[in-house]
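We did not get these values from a lab; they are worked out from the coordinates using the rules stated. On a predicted model such as this, the values are computed, not experimentally measured, just so you know. Because the Cβ atoms are built from the backbone with ideal geometry, glycine has one as well, and the counts that use them run over all protein chains shown.
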């Protein structure tokens, strides 16, 4: 009985603390900007922060809520603790030195007054007159075009068609080839969307991730340029040799299920060839666009990426000997790598210095 009474008294004493713990209140010394990757008003605040260096000056932490349940609960608990009705909870929301500011107008007005910003105040960021979105579109287009001439991707579709046409059924070869290309497209798109969502969770440090991706793109570009002069010597960005027998096995099966598995495996094994372009573009989109705008860019990017595969498929279906295409691919391989290398270096430098 005494133990029961002791437990009851302990619960009564600790209950307020336990009840308060579920709210996980944000400390007053934390300056946090809550946003959603799909929120237009949030993008306006982010653009303002970037133009005037607000994040760096006041050590503001950005937290995305639409794809992060932990951040969403933290914002909910914070606003409930401030007696905000659930129907009024939303983003953008700023917790600054223990005070709350809601909406893009209020947040921008608060910092404009605090920092003495007027219409004549120069911005820290100087963009090209073409505008960030146009620059992003050009970067995505050029990167996709360079990525699409990847000799790794060409070799797989050529060998697939060579194997299928050995049976003598052109329509079946066309069908399986289309299934393979569509699978590659879907896998790349879904992987890109997953990485884009993950990168956007990093908030304020996403720009540093973009700089890191830019540096990796430059390194990958230099490796491809090296292959133009000394192909086969040293490290190269290519499908690993130990993975080629696995792909050859599914190529020889020559069925729709095998084509789906092959498309998935190729998308995975081609990462050394294509990863530099894709990671750089994903880092750029995470920094410059919302999730849904980024989705549109990725749809566009991957259409361009698989377009040459589709063209090769149709050319072979119309009667061009796959062996001739393979000889052409081998002969022009170093030039394709040179183009890829130069574009990767240019893209990497752009990520570091322009965005």
Handout entry: Enclosed volume per residue, in Å³, of the convex hull spanned by Cα atoms of region 26-115
Key = 91 Å³
Practice task
Quote the FRET efficiency, to the nearest 0.05, computed for residue 171 versus residue 193 with a Förster distance R0 of 30 Å and r equal to the Cβ-Cβ distance.
Solution key: 0.35
Practice task
Give the order of 152, 42, 273 when sorted by the count of other beta carbons within 10 angstrom, beginning with the fewest.
Solution key: 152, 273, 42
Practice task
Taking the Cβ of each residue in 207, 318, 243 as the centre, tally the other Cβ atoms inside 10 Å and list the residues starting with the fewest.
Solution key: 318, 243, 207
Practice task
Return the FRET efficiency for the residue pair residue 106, residue 352: r is the Cβ-Cβ distance, R0 is 35 Å, and the value is rounded to the nearest 0.05.
Solution key: 0.55
Handout entry: Separation of alpha-carbon centers, region 35-60 and region 231-293, rounded to whole Å
Key = 34 Å
Practice task
Please give the contour-minus-distance gain from residue 113 to residue 138: 0.36 nm per residue of separation, less the Cα-Cα distance, rounded to one decimal in nm.
Solution key: 5.4 nm
Completion exercise
When 337, 172, 82, 43 are arranged by how many other beta-carbons sit within 10 Å of their Cβ, fewest first, they go 82, 172, 43, 337
Practice task
Find how much the distance from residue 334 to residue 120 grows on full extension, using 0.36 nm per residue of separation minus their present alpha carbon separation; answer in nm with one decimal.
Solution key: 71.9 nm
Fill in the blank from the handout: Pseudo-spin-label distance residue 318 to residue 231, built 7 Å along Cα→Cβ, given in nm, is 2.6 nm
